[in-house]
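For reference, the structure is listed below as structure tokens.
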Amino acid sequence: MRTPILALLAILSALPIENKLLAQTPTGTISGLLIDEKSGQAAQFATIMLYRQGDSTLVKGDFSDEAGAFRFELLEDDTYFLQATLVGFADLVVPDIQLKSSNATIDLGTLRMGETVQQLAEVVVAAKKPFVERQADKLIVNVESSSVSVGNNALEVLRRAPGVTVDNNDNISLRGRQGVMVMIDGKQTYLSMAEVANLLKNMPSESIQTIEIITQPSARYDAAGNAGIINIRLKKNKNQGLNGSLTAGAGLGLVWFDRPYEKANANLNLNYRKGKFNLFGNYSVRHSDGANELSLERGVVFEDTSTFFDQVSFMEDYNNSHSFKTGLDYNLTDRQTLGVQVTGFLNDEAFELTSQSDIYTNGDLSGGLEVVNERPGNWSNFTYNLNYRASFDSLGRELSADADYSYYNGNSFDNLVTTFLDSEGVSYSEEPLRSEVPIMVDILAFKADYVHPLKSGLKLEGGVKASFVTTDNDVRFELFQGDQWVLDSLKTNHFMYEENIAAAYMNASRQFEKWGFQAGLRAENTQSVGNSVTLSKIVDRQYLEFFPSLSMQYSLSEKHQFGLNYSRRIDRPSYQDLNPFIYFLDPFSYMQGNPFLNPMFTHSIELSHTFMSAMNTSLSYSRSEDYITQVTIQDDTTKTTYATNYNLDTYHNVSFNISSPIPITKWWMAQVNLNANYKSFHAEFQGDTLDNRGFTGNFYLSNEFTLPKGFTAELSGWYQSPEVDGIFVGRSMYMADFGLSKKVLKNMGTIRINLNDIFNTGRWRGYTDYATMDLRVNNKWESRRVNVSFSYRFGNQNVKGPQRRSTGSEDERNRVKMDRG
């Protein structure tokens with residue numbers, strides 16, 4: 001399945017690009033030799049970055065070879081500075097490297113790396129980071145560095161993140177495991193996965209700076225998220241004074257559907273600091289039209305009758321969204337800061353569905369269905385945060401506290417009309433059905449954290465948190481009978497839910513010369529009551545659980561570092577997944593909540609290795625009990641099938657991951673990520689035994705090309721092999737993207753253009769043949785898109801930006817569910 005991607009890369013690499021570059025560009029050269037100041041030995045594989053001294057823009061990057069030598073070629077007349085970094089050594093900076101002739105050759109001679117830090121006065125290093133980089137405790141995706149991300153939304157960017165997969169229902173998995181906790185700026189969204197997906201779909205990539213992937217969080221983090229944490233960092237100015245940036249873009253979805261689908265977005269960032277005050281704000285607006293085509297083939301056998309449903313649904317959606325963040329930080333003293341922050345999302349949407357089903361009985365066409373549904377809707381979220389931070393001394397003693405209030409409000413209206421057809425395609429009955437689905441969620445949360453380093457090198461951390469959540473959903477269905485709408489009491493449902501969580505944790509860490517240790521324990525007491533007023537169902541739960549975490553790091557040498565991590569985590573059901581209301585696709589297929597879902601608990605352990613601070617490998621194992629996943633349940637007598645969330649007994653996952661940058665030439669840098677998994681699911685389900693297991697893999701390749709005249713090109717692709725997930729088997733997927741960017745207006749502006757899904761291969765296909773079910777799914781969305789954007793930075797670029805904070809309402813907001821589809 002990788003053939004188109006690899007073929008394109010092979011064609012590109014075969015072109016005589018290097019000869020063309022040499023013929024069209026200057027031949028200035030800068031070279032040198034790096035050695036260890038103490039031993040005199042070569043400083044092997046150090047990272048060397050060359051910048052223009054005037055604006056600190058990155059010109060080229062490379063590694064020193066085994067002899068410590070490095071060489072930059074094809075350089076224009078300019079003044080440069082060079083920065084060399086290597087684990088165990090202080091950064092080395094060489095300023096004022098002047099090329100005065102295009103044929104000049106500068107040999108910097110022997111450069112010694114040691115403990116003394118060489119400072120470059122009045123120069124701010126603004127290197128362009130790679131799309132993917134590894135840090136000690138997380139993987140970072142630098143979205144703002146990628147040309148292929150422009151014009152996309154946050155969910156589409158997340159699809160390209162190493163180890164992350166997004167299925168056709170927008171469920172996000174990390175290294176083959178669902179149950180990811182999604183945070184924004186260190187704050188949990190309290191949305192379920194479906195609501196998170198809806199939120200990310202309306203978040204432009206231009207507002208994102210980085211995506212952090214944390215597979216083994218410490219006890220300081222909420223215990224939610226059995227697969228780990230994905231933290232989306234939004235852009236904030238890090239400079240000093242008044243400054244900002246403006247981005248605008250437009251795009252088209254290019255597929256075989258009747259028309260292209262328009263998209264547009266704009267984003268404004270502002271930051272102002274004066275004296276003790278720092279005021280910051282961000283506003284984004286996005287318009288996006290989209291479509292997808294869903295094919296379902298379903299067979300039902302009951303007694304001597306075989307029934308086959310061939311269903312094709314075409315769905316179009318139209319979204320207009322606004323998001324903003326504004327806040328103020330005030331320095332009470334040199335060591336104390338008080339801050340307030342308000343975040344908001346507003347979304348108006350319209351969904352239109354047309355569906356055609358042919359029904360066959362014992363091989364002969366016996367009838368059919370035509371379904372039309374128009375669903376307008378809107379939802380909004382406002383989060384208010386008050387925060388305090390105090391630093392008591394230069395050793396790192398610190399106290400921080402947060403209070404959060406979040407309010408979610410949404411409403412959608414279904415207008416479903418089902419037309420029943422006979423074997424000749426003639427209508428003989430029509431059934432209108434309409435519904436109103438309001439969603440209201442209130443979240444109040446408080447937390448405090450304290451850090452106390454000791455002179456012995458031991459660092460102690462502790463904290464407490466309390467959250468209070470209430471939801472109220474009064475879903476009403478009405479049938480059209482005679483000449484009026486009447487309440488459908490069988491489908492109408494009023495569901496209320498309350499949940500209180502009290503948590504406390506302790507964490508200790510110590511760093512030695514070669515060893516590092518961390519141990520933590522978190523306790524969470526949960527009380528919840530789910531009340532289906534209509535069905536007279538009450539589910540009352542109380543449980544106290546403990547979540548230990550352990551971590552060890554060992555530095556064998558400057559080239560090799562090892563890590564071993566263990567944690568226990570929980571995944572609670574989303575608030576809306578507990579609501580037993582029904583969402584209809586047609587009279588024979590629907591979705592339904594499950595008020596009896598249990599929380600899922602996961603043990604996970606990971607062994608990791610880092611080579612030369614560049615190549616990262618890891619081997620991990622996890623075991624989940626009461627694994628929450630979506631299943632389909634079939635009633636052979638009524639021929640109906642519905643989807644719901646269900647607890648499987650156990651889920652085992654073994655995962656191997658490797659990622660590394662690969663410098664191919666002076667102007668070509670590649671980034672490779674490979675993830676392989678073995679999954680095993682076991683459960684007693686629907687009167688049968690589920691034992692579904694298999695291997696799966698995910699491959700990501702990104703290529704960045706530094707071209708003449710300030711152009712940068714990027715070509716990337718990913719491949720997902722077939723995989724098992726609960727009762728389903730998903731088939732392979734692959735896509736390739738291309739992007740081009742150019743710095744303009746004295747490097748203050750950037751023009752980007754990209755083409756996503758070059759070969760129009762984006763689709764999800766899968767099937768299940770568990771028990772008596774025989775279901776085939778094919779979902780194609782408008783994944784091939786062309787986008788153009790322009791961004792411009794303005795104002796004083798030396799202003800320090802607002803502090804980034806993890807606030808108190810992180811876990812709860814991640815479990816709100818606004819999207820039913």
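The values are calculated or read from the model by the stated rules, or taken from the named source; none is laboratory data. Predicted, not measured: the structure shown is a model, and the values here were computed from it. Cβ placement follows ideal geometry from the backbone for every residue including glycine, while neighbour counts extend to all protein chains displayed. Note: accessible area is taken over every heavy atom of the protein model, side chains too, but ligands, DNA and RNA are not part of it. Shrake-Rupley method; radii C 1.70, N 1.55, O 1.52, S 1.80 Å.
None of 377, 339, 367 is in a strand (DSSP E or B), in contact with a Ser or Thr (Cβ under 7 Å, 6 or more places away or on another chain) and over 23 Å from residue 476 (Cα atoms) except 367. Note on segment 6-104: enclosed strands (runs of 3 or more DSSP E) holding 1 or more residues that are at pLDDT below 75 and at positive phi are 69-75. Scanning for something open to solvent by 20 Å² or more (accessible area, probe 1.4 Å) and over 25 Å from the mean Cα position of the chain (by Cα), does segment 613-632 turn up at least one residue? No, segment 613-632 contains no residue that is open to solvent by 20 Å² or more (accessible area, probe 1.4 Å) and over 25 Å from the mean Cα position of the chain (by Cα).
Would you mind stating whether residue 399 is of a type outside the set (Phe, Trp, Tyr), over 26 Å from residue 315 (Cβ atoms), without any contact (Cβ under 8 Å) to a residue 60 or more places away in the chain and assigned to a strand (DSSP E or B)? It is true that residue 399 is of a type outside the set (Phe, Trp, Tyr), over 26 Å from residue 315 (Cβ atoms), without any contact (Cβ under 8 Å) to a residue 60 or more places away in the chain and assigned to a strand (DSSP E or B). For residue 538, the stated conditions hold: it is open to solvent by 40 Å² or more (accessible area, probe 1.4 Å) and aliphatic (A, V, I, L, M). Only a single criterion out of (1) open to solvent by less than 20 Å² (accessible area, probe 1.4 Å); (2) closer than 30 Å to residue 77 by Cα; (3) in contact with a helix residue (DSSP H, G or I) (Cβ under 9 Å, 6 or more places away or on another chain) is not satisfied by residue 704, namely (1).
Summed over segment 656-690, the residues that are of a type in the set (Ser, Thr, Tyr), more than 24 Å from residue 71 (Cα to Cα) and at pLDDT below 95 give a count of 2.
The condition of being farther than 30 Å from residue 249 by Cα, surrounded by fewer than 18 Cβ atoms within 10 Å (Cβ to Cβ) and within 30 Å of the chain's Cα centre (by Cα) holds for residue 340. Taken as a whole, segment 530-546 holds no residue that is at pLDDT below 95, over 30 Å from residue 473 (Cα atoms) and of a type in the set (Phe, Trp, Tyr). Based on this model, can you work out whether residue 480 counts as touching a residue at least 40 places away in the same chain (Cβ under 8 Å), open to solvent by 60 Å² or more (accessible area, probe 1.4 Å), over 30 Å from residue 497 (Cβ atoms) and aromatic (Phe, Trp, Tyr)? It is true that residue 480 is touching a residue at least 40 places away in the same chain (Cβ under 8 Å), open to solvent by 60 Å² or more (accessible area, probe 1.4 Å), over 30 Å from residue 497 (Cβ atoms) and aromatic (Phe, Trp, Tyr). Scanning segment 475-502 for residues that are touching a helix residue (DSSP H, G or I) at 6+ places or on another chain (Cβ under 9 Å) and of a type in the set (A, V, I, L, M, F, W, C) returns a single hit, 501.
Between 285, 300, the distinction of being β-branched (Val, Ile, Thr) and within 22 Å of the chain's Cα centre (by Cα) belongs to 285 only. For segment 421-460, filtering for residues that are open to solvent by 40 Å² or more (accessible area, probe 1.4 Å) and assigned to a strand (DSSP E or B) leaves 16. For segment 265-291, the set of residues classified as in a strand (DSSP E or B) and surrounded by fewer than 16 Cβ atoms within 10 Å (Cβ to Cβ) consists of 274, 277, 287, listed by residue number. The set of residues in segment 554-564 being open to solvent by 70 Å² or more (accessible area, probe 1.4 Å) and either over 27 Å from the mean Cα position of the chain (by Cα) or more than 28 Å from residue 602 (Cβ to Cβ) (or both) consists of 556, 558.
Report whether or not residue 533 is of a type in the set (A, V, I, L, M, F, W, C) and in contact (Cβ under 8 Å) with a residue 24 or more places away in the chain. Considered against the rule, which asks whether it is of a type in the set (A, V, I, L, M, F, W, C) and in contact (Cβ under 8 Å) with a residue 24 or more places away in the chain, residue 533 comes out as yes. Against the criterion of being in a strand (DSSP E or B) and either farther than 19 Å from residue 465 by Cα or of a type in the set (D, E, K, R) (or both), residue 498 qualifies.
Every residue in segment 723-772 that is open to solvent by 40 Å² or more (accessible area, probe 1.4 Å), within 20 Å of residue 679 (Cβ to Cβ) and not aromatic (Phe, Trp, Tyr), please. Those that are open to solvent by 40 Å² or more (accessible area, probe 1.4 Å), within 20 Å of residue 679 (Cβ to Cβ) and not aromatic (Phe, Trp, Tyr): 731, 765, 769, 771.
Yes or no, residue by residue, for (1) of a type outside the set (Phe, Trp, Tyr); (2) in contact with a strand residue (DSSP E or B) (Cβ under 6 Å, 6 or more places away or on another chain); (3) surrounded by 17 or more Cβ atoms within 10 Å (Cβ to Cβ):
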residue	(1), (2), (3)
502	yes, yes, no
505	no, yes, yes
521	yes, yes, no
526	yes, yes, yes
546	no, yes, no
552	yes, yes, no
566	no, yes, no
570	yes, yes, yes
578	yes, yes, yes
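Restricting attention to segment 387-396 and to residues that are in a strand (DSSP E or B) and over 27 Å from the mean Cα position of the chain (by Cα), the residue that is modelled with the lowest pLDDT turns out to be 391.
Taking segment 301-311 as the range and being part of a strand (DSSP E or B) and open to solvent by 60 Å² or more (accessible area, probe 1.4 Å) as the test, the residues that pass are 301, 302, 308. Within segment 694-709, track down each residue that is free of Cβ contacts under 8 Å to residues at least 40 places away in the same chain and under 25 Å from residue 721 (Cα atoms). Correct list: 694, 695, 697.
Are any of the residues in segment 293-300 β-branched (Val, Ile, Thr), part of a strand (DSSP E or B) and open to solvent by 20 Å² or more (accessible area, probe 1.4 Å)? Among the residues of segment 293-300, not one is β-branched (Val, Ile, Thr), part of a strand (DSSP E or B) and open to solvent by 20 Å² or more (accessible area, probe 1.4 Å), which makes the answer no.
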